[in-house]
1. Please specify each residue of region A:183-199 satisfying the condition of being in contact (Cβ under 8 Å) with a residue 60 or more places away in the chain, more than 13 Å from A:Gln98 (Cα to Cα), open to solvent by less than 50 Å² (accessible area, probe 1.4 Å) and of a type outside the set (Asp, Glu).
2. Could you give me the residue pairs with C-beta distances under 6 Å whose first residue belongs to region A:46-59 and is under 9 Å from A:Val36 (Cα atoms) and open to solvent by 50 Å² or more (accessible area, probe 1.4 Å), whose second residue is more than 6 Å from DNA strand D (Cβ to nearest atom) and not in a helix (DSSP H, G or I) wherever it lies, and which are 6+ apart or on separate chains?
3. Looking at region A:69-90, which of its residues are among the aliphatic types (A, V, I, L, M) and open to solvent by 50 Å² or more (accessible area, probe 1.4 Å)?
4. Taking region A:1-25, which residues are aliphatic (A, V, I, L, M), modelled with pLDDT under 95 and within 16 Å of DNA strand C (Cβ to nearest atom)?
5. Which number in (1) over 11 Å from the mean Cα position of the chain (by Cα); (2) in contact (Cβ under 8 Å) with a residue 12 or more places away in the chain; (3) open to solvent by 10 Å² or more (accessible area, probe 1.4 Å) marks the one condition that B:Met99 misses?
6. For residues that are outside any helix (DSSP H, G or I) and aliphatic (A, V, I, L, M), scanning just region B:26-56, find the one that is nearest to DNA strand C (Cβ to nearest atom).
7. Considering every residue within region B:62-81, establish whether at least one is within 16 Å of DNA strand D (Cβ to nearest atom), of a type in the set (D, E, K, R) and assigned to a helix (DSSP H, G or I).
8. Any residue at all in region A:25-32 that's within 13 Å of DNA strand D (Cβ to nearest atom), open to solvent by 60 Å² or more (accessible area, probe 1.4 Å) and more than 14 Å from chain B (Cβ to nearest Cβ)?
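The values are calculated or read from the model by the stated rules, or taken from the named source; none is laboratory data. The structure displayed is predicted, hence computed values, not measured ones. Note: ideal-geometry Cβ built from the backbone for every residue, glycine included; neighbour counts use all protein chains shown. Accessible surface areas use protein heavy atoms only, side chains included; no ligands, DNA or RNA. Shrake-Rupley method; radii C 1.70, N 1.55, O 1.52, S 1.80 Å.
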There are 2 protein chains.
Amino acid sequence: MPKDRAPTRIQQKNRATILDAALDVFSAQGFRGATVDEIAATAGLSKPNLLYYFPSKEAMHEALLERLLDTWLDPLRAMDGDGEPLEEIMGYVRRKLQMSRDFPRESRLFANEVLQGAPRIHDALSVDLKTLVDSKCAVLETWMASGAIARVHPHHLIFSIWSLTQHYADFDVQVRAVLGPEDPFDGAMAFLDTLYRRMLRP
Amino acid sequence: MPKDRAPTRIQQKNRATILDAALDVFSAQGFRGATVDEIAATAGLSKPNLLYYFPSKEAMHEALLERLLDTWLDPLRAMDGDGEPLEEIMGYVRRKLQMSRDFPRESRLFANEVLQGAPRIHDALSVDLKTLVDSKCAVLETWMASGAIARVHPHHLIFSIWSLTQHYADFDVQVRAVLGPEDPFDGAMAFLDTLYRRMLRP
DNA sequence: GTCTATAATAAGATAGAC
DNA sequence: GTCTATCTTATTATAGAC
């Protein structure tokens, strides 16, 4: 096990390789569906070597979720109460859709976890996430009160952005099966742009 | 194993009990996360007795998916090309949201399967589902051409209905963690009503 | 039809050589 | 740091009595 001092370059590289492989497998199979064997094979390492870097399968999963939660909410944090309301919301939608396109594995890791009752991140949801969302809902409400955007339930507005954007990562197979060769994300961005501008027009 | 003749009442009842328990466990844990032990315990039967009715864990899962696919698309099938366009669409949204509220386990079973690449239902998606969706998109396009509803990409319109409604079943823990004690479904229905009426107003 | 007992295998984790 | 070999446990499935 790595000693309790600054990790060497090879340690950093191996940990990164392992986490990337683990993300591949966990996001595709869920926690219990994933096997350490498959993660090791994907990483190109032996199973005991993997467990030299992470003490258990659980530890890998935990490391991934922790890293994910750190960055997953950045697009919402970046919605600026002092900006132009509609453009701030559209910017949030755009950033969220880009995350679905560029980081579908992260989206599916998260979806797997929440779908199965969020056993490992329930506190993060009901504390950190709730706090952030409530504060942004307050911002949305001032925008609605000022007449800058139309009135809707602010929490459901945020849920709608989550569901509409994450759908393209989480249900990618279904979307492509139905849509055929057409790129989903271009059409999605145009559609979401229309949707939110029409719904929120004062 | 049940003989190849009409099932007795006790057989029917046991099969139904098992499938209900299996739905509980598969929808909460995914296919590989589910164990036959847990399904048996939930059903109140011994494990060998379970496997007397279904030859394998895989067979239970298959039976559930088959039954699900049969009924999952009914709300879309019911959207009538001869009806009043906006009300037909709103009716579809309402039925779909009701399914999320009344059959969240089915929604999560489906989500688990698609999220993990739809290995068992890929054909159903790219054939049956695609055929149905394409035909309903043609209907939507005639409505748009006639000016009865505003123009949007029809496939993405349908994706939006799926994602916005299923979100309340699949991400139920998250929605409730953020929303607190407020009932999600009442607010959701009001929100979706507003959303689609504003977006589709000609 | 239902059960107890058990076989067979898969998977997480460790020992110990190099 | 990395590997082969192995232990241990969990899990699917079956045998065979009742």
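1. Selection gives A:Tyr196 alone.
2. Every condition considered, no pair remains.
3. A:Ala78
4. A:Met1, A:Ile10
5. Condition not satisfied by B:Met99: (1).
6. In this case the residue turns out to be B:Leu45.
7. For region B:62-81, residues within 16 Å of DNA strand D (Cβ to nearest atom), of a type in the set (D, E, K, R) and assigned to a helix (DSSP H, G or I): present.
8. No - not one qualifying residue is present in region A:25-32.
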